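Colleague: One structure follows; several queries about it will come next.
A short reminder: the numbers here are calculations on the coordinates, not readings from a lab. Being a predicted model, the structure only gives us computed values, none of them experimental. Cβ atoms come from the backbone with ideal geometry, glycine included; neighbour counts cover every protein chain shown.
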């Protein structure tokens, strides 16, 4: 059920992508949650929203744990099974898939777009990522300033073909790629 919720939210970027114009559109977000609750067979979208908020909070907690362990000289990988599957929200939380600093989160409402920027705060002060850590392209997407390795370049080679697909087919393709990566990383087969 949780993985279906994650994949359903993935299909509605207005719920997590703060760079989209309709991210702040209450009606668009409400429609997205309504559609998700229908697809998942959950009678109330508020239950979907609450479950998503809990999963998002858990994701951020896992990322913070990994960062803290890395700073202490240890390498502790999250054992939470949805950690990698939820990496699609990383660019919109400031986490950069566990590379950037994320400090304590005490925000109660991650679904409120006005509170989204407050969701990552340190105990002593609010921290914002350095503008030199990210480059922003014309379309608003962020890219790290570090050199790219062969795996990253390989994946980027699919972007032109992906952009040629119809929006629904593009979303389906992204989900399939994400599912393949999840299964490969956690050695999951269809028999499990």
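Colleague: Between residue 156 and residue 42, 0.36 nm times their residue separation minus their Cα-Cα distance comes to what?
Modeller: Contour length minus the Cα-Cα distance gives 37.4 nm.
Colleague: Figure the gain on full extension for residue 34 and residue 173 (residue separation times 0.36 nm, minus the Cα-Cα span) and round it to one decimal in nm.
Modeller: Working it through step by step, the gained length comes to 47.7 nm.
Colleague: Between residue 80 and residue 164, what is the FRET efficiency for a Förster distance of 41 Å, r being their Cβ-Cβ separation, to the nearest 0.05?
Modeller: That gives a FRET efficiency of 0.70.
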